[in-house]
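First up is the structure itself, then whatever we jot down about it.
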Amino acid sequence: MKRWWAILPVAVFAAIVVIGFQRLTSNDPAPASFASPTRPAPQFDVPGLEGAQVKLSDYAGRPVLVNFWATWCAPCKLEHPLLVDMSQQGVEIVGILYKDPTGLDGARDILVKDGNPFAAVGLDPTGDLGIDMGLSGVPESFLIDADGTIIKTKRNYFVEQDVTDFVAAYRAEKAKTGAATGG
């Protein structure tokens, strides 16, 4: 009888390993990439890349996508063309340059060379805004509705399907805003 008790921890550990392996190798899209409870977006007022302040309140009454990025971030470079595509589809995007030690010229160079999808770029050199937003890492994007509520979060970089989903969600919010304002 005592032998079974000795085997029990090994059996439990083996079961956890098997379940973990199955979840990691499944082809199901990770629901956590969009998992985010709706919550009020923190109001921010940060210095901008071009000098003027960047404020969330400037976008009140309409949806906006807030994208945290950095010049040192390889996945940010992967998603950049998709952000440009989203902006060309009418999505208003505010970029937040997160803890970027390369200086402002590096960010400006990227935006000139690769295209600028952002209506404005705010600076978060200390990461305080990222903490307030609930940032887990860059890149990360938050779709904020006209009332200032975070309604959709994308952790990690965008891929084509994400663009389709976020553009559709943005347009749905834009349509609600237009109906609410009579526009």
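Let me check against my output: what whole-number percent is the relative contact order of the chain, with C-alpha pairs under 8 Å and at least 6 apart? Show your work: numbers first, answer last.
Numbers: 272 pairs, mean separation 52.4, N = 183.
Across the chain, relative contact order equals 29 percent.
Pull out the extension gain between residue 165 and residue 17, defined as 0.36 nm times the separation in residues minus the alpha carbon to alpha carbon distance; nm, one decimal.
So the chain would gain 50.0 nm between residue 165 and residue 17.
Please arrange 78, 56, 65 by how many other C-beta atoms lie within 10 Å of their C-beta, fewest to most.
In increasing order of surrounding Cβ atoms, one gets 78, 56, 65.
Quote to one decimal, in nm, the extra length available between residue 38 and residue 128 on full extension: 0.36 nm per residue of separation minus the C-alpha distance between them. Please report the intermediate quantities before stating the final value.
Details: separation 90, 0.36 × 90 = 32.40 nm, distance 2.04 nm.
Result for the pair: 30.4 nm of gain on full extension.
Can you show me the helix-derived [θ] at 222 nm for the chain, built from DSSP H runs with n ≥ 4 at -39,500 (n - 2.57) apiece and divided by the number of residues, rounded to the nearest 500.
On the way: 5 runs with 78 residues, N = 183.
Dividing the helical sum by the residues of the chain leaves -14000 deg cm²/dmol.
Tell me whether segment 35-145 comes out rounded, prolate or oblate; compute the Cα gyration tensor, take square roots of the eigenvalues as a ≥ b ≥ c, and use a/c under 1.5 as the rounded threshold.
Because its axes are fairly even, with a/c under 1.5, segment 35-145 counts as rounded.
Run the simple label-point estimate for residue 99 and residue 53 please: 7 Å along Cα→C-beta, distance reported in nm.
A separation of 2.6 nm, rounded to one decimal place.
With +1 assigned to the C-beta of every Lys and Arg and -1 to the C-beta of every Asp and Glu, and no other charges, what is the dipole magnitude of segment 33-181 about the Cα centre in debye, to the nearest 20? Display every interim value, and only then the final one.
On the way: 13 positive and 20 negative charges, 57 e Å.
Charge dipole, segment 33-181, about its Cα centre: 280 debye, nearest 20.
Taking amide H positions as placed 1.01 Å from N in the peptide plane, with prolines and chain starts having none, which residues 5 or more places from residue 39, or on another chain, fall under 5 Å of its amide H?
The answer is 150.
Shape call for segment 33-85 from the C-alpha gyration tensor, a ≥ b ≥ c root eigenvalues: rounded (a/c under 1.5), prolate (a/b greater than b/c) or oblate?
Details: a/c = 1.91, a/b = 1.18, b/c = 1.62.
Oblate is the answer for segment 33-85, as a/c is 1.5 or above yet b/c matches or exceeds a/b.
Sort 141, 136 so that the residue with the fewest other Cβ atoms within 10 Å of its own Cβ comes first and the one with the most comes last.
Listing 141, 136 from fewest to most nearby Cβ atoms yields 136, 141.
Where in the chain are the DSSP H helices whose C-alpha atoms run 30 Å or more along the long axis and whose mean Kyte hydropathy is at least -1.0?
Span-like helices in the chain: 2-25, 160-181.
Lys/Arg Cβ at +1, Asp/Glu Cβ at -1, dipole of segment 33-181 taken about the Cα centre: which of 149, 118, 44 is farthest positive-ward?
Result: 149, furthest along the dipole toward the positive end.
Here, each number is a calculation from the coordinates, and none is a lab measurement. Given the structure is predicted, the values throughout are model-derived calculations rather than measurements. Glycine gets a Cβ as well: all are built from the backbone with ideal geometry, and neighbour counts include every protein chain shown.
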